[in-house]
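To start, the structure itself, in structure tokens.
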Amino acid sequence: MNTKKPSRNLRFVIIGAGMAGILSGIKLQQAGYSNVTIYEKAKKIGGTWRENTYPGLTCDVPSHAYTYSFEPNPEWSHQLPPGAEVQQYFEGITAKYQLEKNIQFNQEISRCEFIDGRWQLETKSGTKDQADIVIAATGVLHHPRMPDIAGIDDFDGAIFHTARWDHSVPLADKRIGVIGNGSTGVQIISALSSQAAKLIHFQRTAQWIMPVENPAFTEQEKEAFRNDQALLKLMQKHPDYVASVNRFTDGVSNPDSAAMQEIEDIVLANLENSITDPILKEKLRPNYRAACKRLIFSPDYYQAIQKENVHLEDQAISHIEKDGVRLKDGTLHELDVIALASGFHADQFMRPMNIIGNNGIKLNDVWASSPRAYLSISIPEFPNLFMLNGPNGPSAISH
Ligand code: NAP
């Protein structure tokens with residue numbers, strides 16, 4: 001391992017042991033910093049890949065690109081890796097770099113205050129610590145957002161948020177409702193369409209779907225990756241993937257660009273060519289331009305939604321009651337299980353942590369109207385506090 005000798009023995013605290021926090025731990029280790037603690041609120045690493053275990057969970061970024069650049073993985077099973085494999089990858093890396101010794105599990109930071117040039121930290125259980133530098137690797141997809149639908153507690157069957165999937169609930173031959181059609185809801189519909197007796201997909205706003213392929217890697221391909229580092233490196237920055245990222249970046253930053261036109265052409269053709277029933281096609285047709293919402297990437301949603309046992313419900317929900325979901329038009333969908341694919345409070349970032357910078361300035365006040373940061377990384381008046389994937393970070397992919 002290539003470790004350097006730093007000129008100062010700085011004390012680092014990293015908040016969160018997801019993929020960003022683990023990466024920080026490794027990079028600090030390689031830079032020769034040993035005075036590093038990672039605080040993790042849960043009992044194991046993994047962040048969003050630990051929290052989400054729903055059926056069909058898949059990373060919609062190609063597996064070889066969804067790796068640390070310095071730790072390519074020839075063993076990925078599919079072009080798009082199943083969530084459990086992603087979790088396993090990060091657990092393997094954590095073990096390889098012996099990072100567990102730096103991680104304090106079940107310790108949620110509740111307060112950080114900058115006093116006399118150092119950060120004073122406190123966890124929910126009352127542990128106190130200090131740091132010269134705080135790295136907030138808190139992620140964005142970990143505070144489940146419950147839908148504002150009345151009657152959730154009245155349902156007699158099983159009901160849970162998708163990030164709190166209850167695996168003790170049987171699904172085969174059950175009547176299942178999925179509320180929400182972001183990436184999560186779409187992946188769940190694809191996965192459950194082959195086992196549910198009846199599957200109702202509740203859609204409030206239609207989504208554009210970008211077609212993707214998800215072939216399994218053959219044993220020969222994996223063998224080639226194992227034996228050819230250059231090929232493995234190429235897979236990490238595969239020209240097709242880089243081109244699709246660049247197309248998306250160009251598209252969202254300039255709606256009149258050729259890239260945006262190309263995206264719109266692809267998703268429109270996908271809808272037109274995949275859905276045969278004209279009524280269903282119109283229900284699935286968004287009334288806004290592609291990429292105004294995060295694009296959904298799916299190899300099989302349009303097939304799943306056309307199966308006999310699957311129904312797309314685009315009428316507004318009135319409330320949830322004992323037997324199922326009641327629509328505003330009076331229809332009742334009787335259900336055994338309801339999965340709430342209603343997303344996360346993605347604008348929370350480090351909050352509800354109480355973060356206090358120079359001269360008592362509170363982050364809650366600075367971010368009262370919306371989260372803002374310098375280059376997604378730092379915030380004026382909060383010295384030596386660095387965010388990984390801060391405000392606007394995910395969309396600031398550069399070429
Ligand atoms: P999401 O994209 O925020 O979608 C939430 C869904 O719930 C939307 O369809 C929303 O409808 C619906 N909803 C919320 N409240 C509702 C209500 N009261 N009544 C009816 N519908 C309601 O959540 P997500 O799908 O969990 O995705 C969260 C993030 O994770 C996204 O950034 C996503 O891209 C990411 N993700 C990534 C992957 C991956 O493979 N990389 C996989 C899964 C998720 P409206 O559209 O009408 O608001």
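For the stretch 52-95, filtering for residues that are in contact (Cβ under 8 Å) with a residue 24 or more places away in the chain, open to solvent by 30 Å² or more (accessible area, probe 1.4 Å) and not in a loop (DSSP other than H, G, I, E, B) leaves 5.
Given the criteria more than 30 Å from I135 (Cβ to Cβ) and surrounded by 17 or more Cβ atoms within 10 Å (Cβ to Cβ), does L280 qualify? Can you show your working first?
Numbers: more than 30 Å from I135 (Cβ to Cβ): yes; surrounded by 17 or more Cβ atoms within 10 Å (Cβ to Cβ): no.
Against the criterion (more than 30 Å from I135 (Cβ to Cβ) and surrounded by 17 or more Cβ atoms within 10 Å (Cβ to Cβ)), L280 does not qualify.
None of I279, I296, I275 is touching a residue at least 40 places away in the same chain (Cβ under 8 Å) and of a type in the set (V, I, T) except I296. Of everything listed in (1) over 14 Å from the mean Cα position of the chain (by Cα); (2) among the small types (G, A, S); (3) within 16 Å of the ligand (Cβ to nearest atom); (4) open to solvent by less than 20 Å² (accessible area, probe 1.4 Å), the single unmet condition for G25 is (3).
Residue-level check: of (1) within 22 Å of the chain's Cα centre (by Cα); (2) among the acidic types (D, E); (3) away from the ligand (no atom under 16 Å from the Cβ), E381 misses just (1). Taken as a whole, the condition of being closer than 30 Å to N246 by Cα and either away from the ligand (no atom under 12 Å from the Cβ) or not assigned by TED's automatic domain parsing to the domain that holds Q229 (or both) does not apply to A31.
Of the residues making up the stretch 332-346, those that are closer than 30 Å to V134 by Cβ and either open to solvent by less than 50 Å² (accessible area, probe 1.4 Å) or more than 11 Å from the ligand (Cβ to nearest atom) (or both) number 3. In the stretch 310-330 there is no residue that is crowded, with 19+ Cβ neighbours inside 10 Å, of a type in the set (A, V, I, L, M), farther than 30 Å from V61 by Cβ and not assigned by TED's automatic domain parsing to the domain that holds R247.
Identify all residues within the stretch 199-215 that are assigned to a strand (DSSP E or B) and open to solvent by 20 Å² or more (accessible area, probe 1.4 Å); write none if there are none. The one that is assigned to a strand (DSSP E or B) and open to solvent by 20 Å² or more (accessible area, probe 1.4 Å): P211.
The residues in the stretch 156-173 that are of a type outside the set (S, T, N, Q), out of contact with any strand residue (DSSP E or B) (no Cβ under 6 Å at 6 or more places or on another chain) and open to solvent by 50 Å² or more (accessible area, probe 1.4 Å) can be counted, and the count is 6. Candidates in the stretch 140-150 are the residues that are surrounded by 12 or more Cβ atoms within 10 Å (Cβ to Cβ) and within 9 Å of the ligand (Cβ to nearest atom); of these, the one that is nearest to D347 (Cα to Cα) is V140.
The single condition among (1) of a type outside the set (S, T, Y); (2) within 16 Å of the ligand (Cβ to nearest atom); (3) in a strand (DSSP E or B); (4) touching a Gly at 6+ places or on another chain (Cβ under 8 Å) that F160 does not satisfy is (4). Only residues that are closer than 22 Å to I22 by Cα, in contact with a helix residue (DSSP H, G or I) (Cβ under 8 Å, 6 or more places away or on another chain) and of a type outside the set (A, V, I, L, M) were counted in the stretch 106-137, giving 0. Taking every residue in the stretch 175-189 that is in a helix (DSSP H, G or I) and pairing it with any residue that is among the small types (G, A, S) and near the ligand (Cβ under 7 Å from one of its atoms), at least 6 positions away or on another chain, the pairs with Cβ-Cβ distances below 6 Å are T184/A341; G185/A341.
For residues in the stretch 163-188 being among the hydrophobic types (A, V, I, L, M, F, W, C) and within 11 Å of the ligand (Cβ to nearest atom), which is nearest to D314 (Cα to Cα)? Before you say what the answer is, go through the steps one by one.
Initial filter on the stretch 163-188 (among the hydrophobic types (A, V, I, L, M, F, W, C)): 163, 165, 169, 171-172, 176, 178-179, 186, 188.
Next, from what is left, pick out any that are within 11 Å of the ligand (Cβ to nearest atom): 163, 178-179, 186, 188.
Numbers: A163: 23, V178: 12, I179: 11, V186: 14, I188: 17 Å.
Result: I179.
Here V366 fulfils each of the conditions (1) modelled with pLDDT of 95 or more; (2) open to solvent by 40 Å² or more (accessible area, probe 1.4 Å); (3) closer than 17 Å to A20 by Cβ apart from (3). Inclusion of D153 among residues that are outside any loop (DSSP other than H, G, I, E, B), surrounded by fewer than 15 Cβ atoms within 10 Å (Cβ to Cβ) and either modelled with pLDDT of 95 or more or not basic (K, R) (or both) is warranted.
Quick grid of which residues meet (1) away from the ligand (no atom under 16 Å from the Cβ); (2) over 29 Å from L80 (Cα atoms):
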{"position": "L231", "(1), (2)": "yes, no"}
{"position": "L234", "(1), (2)": "yes, no"}
{"position": "D250", "(1), (2)": "yes, no"}
{"position": "M260", "(1), (2)": "yes, no"}
{"position": "E264", "(1), (2)": "yes, no"}
{"position": "K281", "(1), (2)": "yes, no"}
{"position": "K293", "(1), (2)": "no, no"}
{"position": "S318", "(1), (2)": "no, yes"}
{"position": "E321", "(1), (2)": "no, yes"}
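Here is the figure for the stretch 236-263: residues that are open to solvent by 70 Å² or more (accessible area, probe 1.4 Å), over 30 Å from N73 (Cα atoms) and either in a helix (DSSP H, G or I) or touching a strand residue (DSSP E or B) at 6+ places or on another chain (Cβ under 8 Å) (or both) total 4.
The values are calculated or read from the model by the stated rules, or taken from the named source; none is laboratory data. This is a predicted model, so every value here is computed, not measured. No Cβ is skipped: glycine too gets one built from the backbone with ideal geometry, and neighbour counts run over all protein chains shown. Heads up: the accessible areas ignore ligands, DNA and RNA and are worked out on the full protein's heavy atoms, side chains in. Shrake-Rupley method; radii C 1.70, N 1.55, O 1.52, S 1.80 Å.
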